Every structure is written in structure tokens, then in C-alpha cells.
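Presented below is the structure to which this report refers.
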Amino acid sequence: MSNEMVPVVMDGIPRLALAASKLEEAAMYLRERKCAGTILEDLEVATITTSESAYPGLFLHTQAARMSRPVLNLQTQKIELIGPMEQPYLMIGVTGTAADKPTVTGHNYTHEEIDPLAHLSIIASMTPFSDMNQSPRNMYQCQMGKQTMGTPIHNLYGRTDNKMYKLHNPQCPLVRTNIHTDYKMDEYPNGTNAVVAVISYTGYDMEDAMILNKSSYERGFGHASVYKSKIVDLEVEGKHTGKSGDSLKFSNPIVVKKSRDGSGRSTAEFKYPQLDADGLPRVGESVKQDDVLYCIVNPEDENDTITGKHKEIEPATIQSVRLLGPNPADPVEKKYEACKRVALTLRVNRNPVIGDKFSSRHGQKGVMSVLYPQIDMPFTESGLTPDVIINPHAFPSRMTIGMLIESMAGKAGAMHGHFQNGTPFRFHETEGDGQLAVDYFGQQLQNAGYSYYGSEPIYSGHSGQLLQADLYIGVVYYQRLRHMVSDKSQVRATGQVNQLTRQPIKGRKKGGGIRLGEMERDALLSHGAAFC
């Protein structure tokens, strides 16, 4: 095959040779036939020219179950389905105005997105003004949006999930995208509208730490619970002790105790006072470490018991005790026997503590560093104190301009009493193309009596003096994430050691230690702590 000829490959099999100069023309003809409906509508036509690859050619795919998505063909003005192989070699404009201009490389656009958000996933589409952020920040938010302690489901108390997180008082975001409204995400809010000040204050906000207003915390900002479920199965418990599940039942044995007053009288009491007669805990009961959660007995010998204890250090509350039906894998005759499976759900309160992780919807994550008294927080002329203080150094290198615009939009929306549309690609980058986001929301702020750019004079909470700069303060939707210090903190003084090496065992669950490696040893020696 000469250098001027390229292969036409269909479903991985070379079919014929085509002149390289006719490659674009052949692809255009096939696309016209696709849009007209005279050939397969899901035919994938990947055109790779000699300038784009060492292996040029016309690659056609017709196999079933291929990924495809719709775009608008600008030549035919009809919807065309394109595949993942051809997409990198097409010029697809995101907005209508972009399609009218040539690309940076000088090529003209051949296709256009049906909607500017069509190339984004649902969770990416819910980030307001994402077109104004650096792309890695949007990717971080796509991950962190799935880690929020929001409203996971509405039938929380009828399910037996292993672990679930729920925010106590979530709010609907003031700034939202069209996708947020279309998918009715207001029914599943996952954050709180916080008044955020961008200021370097007290040094507790260095390195992405954030200062939280103590009064906001006391009003319920970020308060949440973790729901943990445990399924107790008589069959499984019986196997551990070498007994059959049929010979066991949930019960709380009665024991006879002699009176201590010397009268010789006896009283009958439950062996485990914290459990009911059925050997299961009461709903609403508080349990702490080593408290008995359930009791299983052998009917033939009530002194033969199996108990399960609450092993975690954190106290919990019994949220629900649910009887479960038979296992679907059980034979039919077993499905009519007495209940042998119980689901215990415990609720653990997790209010924010120092080190817990928060994030805005723009990949600006940080940890709470201090609960600062409201009396010492900076305040505006109207007496407003922020809920959250973040450091200005969070913005220059990360370039999350979308968060700054959201702050302006949220502030304007709060003053005028309406939600703001933060759908990406609504606004333009330069004044010549159309309206700028900063002008649109700046005008709203000005109409409400605020500075055009969202900054305000701020007074020191310590001295009451006016700070010598206008500071940026607005409303941003903040998410509390499930990464909490309570789940990750590890410390020990003494404990179990490895029998062979006499070194502390590893593992947080086992109460192990953190390895003091060579570099840690060097740090101790350099500080003169050789014999500590």
C-alpha cells in the first residue's frame, strides 16, 4: 500500500484502501447518510488523518452495545450519534457562539453540544459556575460531592445499611444549576448556606484550615449522625458455638437474687437489666462500650447464653430494632418458622470537632481548626458575623473563580429573596461577547445597597477598630464531608505487642501503635531526645 493510500477498517477488519485526500470527503458523506437515516444511525465514523497519527485511516464500528452520545451536526443541522473513538478527532463546540468561531488551531467546528452541560455528568453539572474553575478543582468536587453527609435517602428508618451518614439540618442551596432543579435535588440537600469571609484572621486559618463561628455551631451548623447497623442471625451465632440455629432463641433469662436486707426474701430479675424480656435492647436506650446489645439462649438450658456487646468507644443510641424475614436462600419449609434474624441500628452523634473536613462545591476543602467565639469574630457595619472564615491564599494558585462568583450570587440572592441560576456557560468571558457574571450579580448587589464587587468594611472582633481593607464576604454553600477525626485518630500508651519482636502491633482496630521509622528516629536524635 503506497503512502498516499489509507485503509478503511470496519469492525477491526481492513476492507479496502482509500486515497488519503478523499478521507474527509468519505467521512462527510457517511455522516450525511447517518443523519438522513439511510444507513445505521449508530455507525461510528472515526477519521484519523496522516497529520494526527502514524496509523491514519477511516475506522468504522457497527458492533452492538457500544457507547454513544448525541451531538448536533452543524452541516446537516440534525442530531448525530458519535462514539468514543471518533470524538477526539471531531471539533465539537460547547456553546452556539463558540461554534461560529474557528478553534485555536484554525479548524472550523463540525459539531455542537445539544446543551452546554451535555458533556458533563450529573454531579459535575451541579457545580455552579464550573466553567470559571480550574478543571482539577471540578474533578475534586465530583469526588467530594459523593462524600457529603447530606440527605442520602428518605426511607432511612426502614433500611438496614451497614453505615449511613445524615446531616441534621441541611439547606437548599441559594445558587443552583438547572440540573439541580430538574433532578429535584432540593429533596436531597447536602450542605448549608454559610456566610463566608475571606480574611487572614488570627493564624488559625493557615494551610486550608477554616475558623468556624462557635455560635453557628451551637445553632446546629454541620451537626450530623452516623447510623450503623448490625444483623444478628441465630444460625450464624449458633455456628460460632457449635450449636444449631433451631435450638436457639432471643431471650433475657430470669435470675433469682436474695434480698440484701437480711429478710431472706428472694426477687426475680432479668439477668441483663438493660435488655427487654426478648433479649433485645429498647429503642432510645443509650449504650456505651462493653454494654450488652443482645442475648441468645438455649431453651434447654437458660444458663447457656450468647451475648453481643457494643465494642466501640463512642457511646451510641439504639435507633431501631427490626425483625427480618427469612433468608431468600432458605428452603420453603424454613420460611414459616419463628424469626431468627434481627437488625439492630445504632445512632452515633457526630457534631463537628477540630480536624473534621468541610468543602465548598468548588474543590476548596479544608479542616475546622477552631470554634471561635462570636464575640471575637470580625463583623460588618450591620453587625453580621461570618459563619466561616477562610484564608485568601486559597484562591490565587487554585483559580476557583466560580466560588467567588457564587459568593456574590448567594449574597445577592439572600438580599433579594430568590434562588440564583449558577448553570455553567451562561455568562461570557469578555464584555464584547455578552454579559459578564460579575456585572450581572454586581448590579444586584448594588441595587441592594452593597458594594458592586461584594466586599464590605469589616471591624475587628477583638478591638472593634475598622480594618484597613474592604474584605470579601458572601454566601457560599458548604458541605460537611464524612472524613472525621473520630474515625481516624490513633493513639496509645501501652498495649499489645508482637510476641516475636516485642514491638507494638500495628492496626488502629487492634489498638496498635504508629510506627516510629528511621526519619522519626533522626528527628528525635536531632532534638537531643535520644533517651526518651
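The values are calculated or read from the model by the stated rules, or taken from the named source; none is laboratory data. Since this is a predicted model, take the numbers as computed values, not measurements. Cβ coordinates were reconstructed from backbone atoms using ideal geometry, including for glycine residues, and neighbour counts include every protein chain displayed.
Taken over segment 395-413, residues that are assigned to a helix (DSSP H, G or I) and touching a residue at least 60 places away in the same chain (Cβ under 8 Å) amount to 12. Just one residue in the set LYS271, LYS288 is surrounded by 12 or more Cβ atoms within 10 Å (Cβ to Cβ) and either in contact with a Pro (Cβ under 7 Å, 6 or more places away or on another chain) or closer than 24 Å to ARG350 by Cα (or both); that residue is LYS271. Determine, yes or no, whether GLY461 is surrounded by fewer than 14 Cβ atoms within 10 Å (Cβ to Cβ) and touching a residue at least 40 places away in the same chain (Cβ under 8 Å). No.
Could you run through segment 514-527 and say how many residues are in a helix (DSSP H, G or I) and either in contact with a helix residue (DSSP H, G or I) (Cβ under 7 Å, 6 or more places away or on another chain) or aliphatic (A, V, I, L, M) (or both)? I'd like the intermediate steps shown before the answer.
Keep residues of segment 514-527 that are in a helix (DSSP H, G or I), which gives 518-526.
Restricting the remaining residues to those that are either in contact with a helix residue (DSSP H, G or I) (Cβ under 7 Å, 6 or more places away or on another chain) or aliphatic (A, V, I, L, M) (or both) gives 519, 523-525.
Selection size over segment 514-527: 4.
Selection over segment 182-199 of residues that are under 19 Å from TYR453 (Cα atoms) and among the small types (Gly, Ala, Ser) gives a count of 2.
Given THR38, THR62, which one is in contact (Cβ under 8 Å) with a residue 40 or more places away in the chain, of a type in the set (Ser, Thr, Tyr) and exposed (fewer than 14 other Cβ atoms within 10 Å of the Cβ)?
Values: THR38 fails: in contact (Cβ under 8 Å) with a residue 40 or more places away in the chain.
Exactly one of THR38, THR62 is in contact (Cβ under 8 Å) with a residue 40 or more places away in the chain, of a type in the set (Ser, Thr, Tyr) and exposed (fewer than 14 other Cβ atoms within 10 Å of the Cβ), namely THR62.
Kindly indicate whether any position in segment 475-486 is loosely packed, with under 11 Cβ neighbours inside 10 Å, modelled with pLDDT of 90 or more, under 35 Å from the mean Cα position of the chain (by Cα) and assigned to a helix (DSSP H, G or I). No, because not a single residue in segment 475-486 is loosely packed, with under 11 Cβ neighbours inside 10 Å, modelled with pLDDT of 90 or more, under 35 Å from the mean Cα position of the chain (by Cα) and assigned to a helix (DSSP H, G or I).
Per the conditions (1) more than 30 Å from ALA343 (Cα to Cα); (2) among the charged types (D, E, K, R); (3) at pLDDT below 95, the sole criterion not satisfied by LYS214 is (3). For the subset of segment 355-387 comprising residues that are aliphatic (A, V, I, L, M) and under 20 Å from the mean Cα position of the chain (by Cα), which member is surrounded by the fewest Cβ atoms within 10 Å (Cβ to Cβ)? Among them, the one singled out is VAL367. Criterion first (modelled with pLDDT under 90 and either within 22 Å of HIS111 (Cβ to Cβ) or among the charged types (D, E, K, R) (or both)) does GLU52 satisfy it? It is true that GLU52 is modelled with pLDDT under 90 and either within 22 Å of HIS111 (Cβ to Cβ) or among the charged types (D, E, K, R) (or both). Picking from residues in segment 121-148 that are farther than 26 Å from GLU80 by Cα and free of Cβ contacts under 8 Å to residues at least 40 places away in the same chain, the one that is surrounded by the fewest Cβ atoms within 10 Å (Cβ to Cβ) is SER135. Applying the criterion of at least 1 residues that are more than 18 Å from the chain's Cα centre (by Cα) to the strands (runs of 3 or more DSSP E) found wholly in segment 162-262 leaves 192-198, 209-213, 224-233, 254-258. For ALA530, the conditions (1) in a loop (DSSP other than H, G, I, E, B); (2) in the same structural domain as SER360 (by TED's automatic domain parsing); (3) not acidic (Asp, Glu) all hold with the exception of (2).
Going residue by residue through segment 164-175, is there one that turns out to be at pLDDT below 95, under 23 Å from ALA437 (Cβ atoms) and β-branched (Val, Ile, Thr)? For segment 164-175, residues at pLDDT below 95, under 23 Å from ALA437 (Cβ atoms) and β-branched (Val, Ile, Thr): absent. Looking across segment 414-426, the residues that are closer than 13 Å to PHE129 by Cβ, touching a residue at least 24 places away in the same chain (Cβ under 8 Å) and assigned to a loop (DSSP other than H, G, I, E, B) come down to GLY422, THR423, PRO424, PHE425. Scanning segment 7-30 for residues that are closer than 16 Å to GLN87 by Cα and in contact with a strand residue (DSSP E or B) (Cβ under 6 Å, 6 or more places away or on another chain) yields ALA27, LEU30. Among residues that are free of Cβ contacts under 8 Å to residues at least 40 places away in the same chain and either of a type in the set (Gly, Ala, Ser) or over 30 Å from TYR29 (Cβ atoms) (or both), ALA118 is not included. SER320 passes every criterion in (1) under 30 Å from ARG508 (Cβ atoms); (2) of a type in the set (S, T, N, Q); (3) modelled with pLDDT under 90 apart from (3). Taking the criterion of being β-branched (Val, Ile, Thr) and in contact with a His (Cβ under 9 Å, 6 or more places away or on another chain), the only residue of segment 378-400 that qualifies is THR400.
Based on this model, can you work out whether ASP301 counts as at pLDDT below 90, of a type in the set (Asp, Glu) and loosely packed, with under 12 Cβ neighbours inside 10 Å?
Working: at pLDDT below 90: yes; of a type in the set (Asp, Glu): yes; loosely packed, with under 12 Cβ neighbours inside 10 Å: yes.
Against the criterion (at pLDDT below 90, of a type in the set (Asp, Glu) and loosely packed, with under 12 Cβ neighbours inside 10 Å), ASP301 qualifies.
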